[in-house]
Amino acid sequence: MSFDPITFEVVRNALVAATDEMVLALRRSAYSTNVKTRADFSCAFFDAELRAVAQGFNQPVHLGSMVEQVPRAVLDYGAENLVSGDVVVTNDPYPSGVHLNDVTLVSPVHADGELIGYVANLAHHVDVGGGAPASIGAFREVFQEGVIIPPVKLVERGELVEDVFALVLAQIRSKHETAGDLRAQVAANATGARRVQALVARHGRETVVGVMGEVLAYTERRSRAELATLPHGRFEAEGQVDTDGYSADPVRLRARVEITGDGVAFDLEGCDRQRRAPVNSTFAQTFSACAYALKCLVDPDLPVNDGFYRLLRVDAPRGTVVNCTWPSPVVGGWETQTRLVDVIFRALLPALPDRLPAGTKAMMCHAGFGGVDPATGNYTCFLETFGGGYGGRAGSDGPDAVQAHGQNTENAPVEETELGYPVRIDRLALVDDSDGAGRFRGGLGLRKDYRFDRPMTFTVLADRTKEGPWGVLGGHPGATARFVLVRDGEERDLDPKSTVDLLAGDVVSYRTCGGGGYGPPEERDPHRVLRDVMEGKVGVERARDVYRVAVDASRGVIDDRATAALRRGVGGERG
C-alpha cells in the first residue's frame, strides 16, 4: 500500500505528537521533583507487533531500553490477557529491564474493537524501597535494591487495582510522591491512547496501520543512507569505571565498532565479568548506549523507531558488566552505561575527529537522601543527578556543568529543593580550573553543597575520582571529581559509591569532574584564555603554566610580550 506524502507526514507526525502529549501529561501531573521538574522519564508508542513506532524523548538514555523492556513485558504477561483500559506495570531488570527505580507502564490501545498498538512510559522513581533512601545504595544483590515488580496489572478495565497499588506502596518510603507519580504515569498512557484512537477515527484503521509500516521502512531507508556517509571499518577503544564500591579494582570496558553499509555492530567482548557490586549494566541499558552513540552520528531529524534499530547489532557477552545476569545488582548500571558511550566515542574519534568530543563527565552522578520527618512521621526522599564538564570539540569548548551522553535531566532548582526537603543549598557554582586544558578546553565541573537541618541518610552513586575525562590530540584530561563530607569544619572525602549517616549541620559537597581538552593547550587563542580568567574559570597561574598566556588580571589584558616568550618555551614550565 502506498500513501500520498501529505497523508504520510500527517499520520507520522501525529503519532510522534501523541507521545509528546504523553510527556506533557506525565510531567504536569507528577509529584516528585525528579519527574515533574528534572523530567527523568520517556514515552513511546509500539504497534501491534511490538515494534517501536514513535518515541517522545525526555531522556535519550531510554532510546533502546524501552525497545527491549516493553515487548518483553507484554509477551511475558500475554497480549491475549490485556483488554482496553488495562495497564501493566513492571520494573523487573531480568531479562530485559533496567535498574529498579525505572518503572514502566504499558497499555494496549484498541480502535474499532481491534488492537492497534501499545503506549508505554518509563519514569525514574525517587524511591523503590531497598536498603537506602532513594534506592541507590551499593549492595551485593538486586534483592537489596528495592521492590521487584514483574509484569502485573496496575489498572484493569480503567480501574486501579487497589491491592497491587497498596502492595507496591508498602515497600516504598516516599509513599505520597510515588503514588502521585504512578497515577501520573497512568494518566500519560490514557492520554496517548486517546490520541491514537482519535487519529484512527479521523483517518481510518487501514490508513494508520499502513502508514506505521511505511514509517518503519522509510526510517530504515534513511538510516542506510546515513550509514553510507560514515567512514566504514572497525574501530576499538578501552576505558574503565574507576571503582565498583567494594574493591580498588577498576571495571574494564572494551568496545569494537564495525560500520558497514548494512549496519553498525558493537562487539563488547573483553569487558569485565559482572560483579557483586553496583556497576552492572543490563543488556537493555547497554543496547541503549549503542543506540545513542549511533544516533549521534546521523541526521538529528532521523526518526527513531524500529526502522532505525534494525541496523543496530550488539554483542554483549552474558555474565559481564555490560549484560549482567540474575541476581546481580543493577542500580549502578547507568553509571557503566554512560561510561560505555564515552568508550565508543573514543573508538570512533580517530575516524570522526571533527564530530566527536574529548572525554566527558560520563557518569550519572546520583545523589540521594532521606529520613523521617519528626514532626509528621512521613518519610522524605530526594534524588537528583549532576552535570559536569563536557569534552572539548574540534571547533568549540566543551559546555560547563551539563548532563552528558544521553542524560538529559534538568537541574533541581535550589528554591524547589529547599521548599520541599529538609536541606539548604549553601553553594551552587562551577568548579574553577577543573577543565581539561586544550586548544578548545573541556567544560568545568559543578559544585553543589547540601546542608542538612536534621539527621539524614545520604548515598553517593558516582565515579571519576581516580581518572578525569581523557583529552585528545594533545589535550589534557579534566580534573577528577570529589564527594566531600564536611562535619564540624573538617572535610572528609567520601567513596563515590557509599552511604553515610549524617548529623544535623553536616554538609555534603559534590564537586564533579571537568571535561577533557581538545588539542594542545598552548595553541589556545590567548583572548579565550583571557576571557576564562576574567570570568573566574581559569586562574592566572594556570593560564601561565598550562596555556602559556600571561594575563594581567588587574587590568584585564594580555601581556603580549610575556605570552610570546612563554609560547617560545621561555619563562614558564609546561603544565
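The values are calculated or read from the model by the stated rules, or taken from the named source; none is laboratory data. All values derive from a computational prediction rather than experimental measurement. Reconstructed Cβ throughout: ideal geometry from the backbone, glycine too, with neighbour counts over all protein chains shown. These area figures cover heavy atoms from the full protein model, side chains too; ligands, DNA and RNA do not enter into them. Shrake-Rupley method; radii C 1.70, N 1.55, O 1.52, S 1.80 Å.
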Inset, instruction - Find the strands (runs of 3 or more DSSP E) located wholly in segment 241-345 whose residues include 1 or more that are closer than 25 Å to Ala138 by Cα, and list them. - result: 251-260
Inset, instruction - Return yes when Gly505 is open to solvent by 10 Å² or more (accessible area, probe 1.4 Å), modelled with pLDDT of 95 or more and either at positive phi or hydroxyl-bearing (Ser, Thr, Tyr) (or both) and no when it is not. - result: yes
Inset, instruction - Tell me which residues, restricted to segment 431-458, are touching a helix residue (DSSP H, G or I) at 6+ places or on another chain (Cβ under 6 Å) and either without any contact (Cβ under 8 Å) to a residue 12 or more places away in the chain or farther than 30 Å from Arg528 by Cα (or both). - result: Thr457
Inset, instruction - Sort through Val142, Val147, Val168 and tell me the only one that's more than 23 Å from the chain's Cα centre (by Cα) and hydrophobic (A, V, I, L, M, F, W, C). - result: Val168
Legend entry - Some residue of segment 547-564 being in a loop (DSSP other than H, G, I, E, B), crowded, with 20+ Cβ neighbours inside 10 Å and on the phi > 0 side of the Ramachandran plot: yes
Inset, instruction - Filter segment 34-63 for residues that are open to solvent by less than 20 Å² (accessible area, probe 1.4 Å), touching a Phe, Trp or Tyr at 6+ places or on another chain (Cβ under 7 Å) and in a helix (DSSP H, G or I) and give the result. - result: Val35, Val61
Inset, instruction - For residues that are in contact (Cβ under 8 Å) with a residue 60 or more places away in the chain and not β-branched (Val, Ile, Thr), scanning just segment 480-501, find the one that is surrounded by the fewest Cβ atoms within 10 Å (Cβ to Cβ). - result: Asp495
Legend entry - Any strands (runs of 3 or more DSSP E) falling wholly within segment 391-497 and containing at least 1 residues that are among the acidic types (Asp, Glu) and out of contact with any Leu (no Cβ under 6 Å at 6 or more places or on another chain): 423-430, 446-452, 490-493
Inset, instruction - Scan segment 5-28 and give yes if some residue there is open to solvent by less than 40 Å² (accessible area, probe 1.4 Å), touching a residue at least 12 places away in the same chain (Cβ under 8 Å) and part of a strand (DSSP E or B), otherwise no. - result: no
Inset, instruction - Determine the pairs where a residue that is free of Cβ contacts under 8 Å to residues at least 60 places away in the same chain, located within segment 231-256, has a partner that is open to solvent by 40 Å² or more (accessible area, probe 1.4 Å) with Cβ atoms under 6 Å apart, the partner being 6 or more residues away or on another chain. - result: His232/Thr260; Arg234/Glu258
Inset, instruction - Considering each of Ala138, Ala134 in turn, give the residue that is touching a Lys or Arg at 6+ places or on another chain (Cβ under 6 Å), touching a residue at least 24 places away in the same chain (Cβ under 8 Å), open to solvent by less than 30 Å² (accessible area, probe 1.4 Å) and not charged (D, E, K, R). - result: Ala138
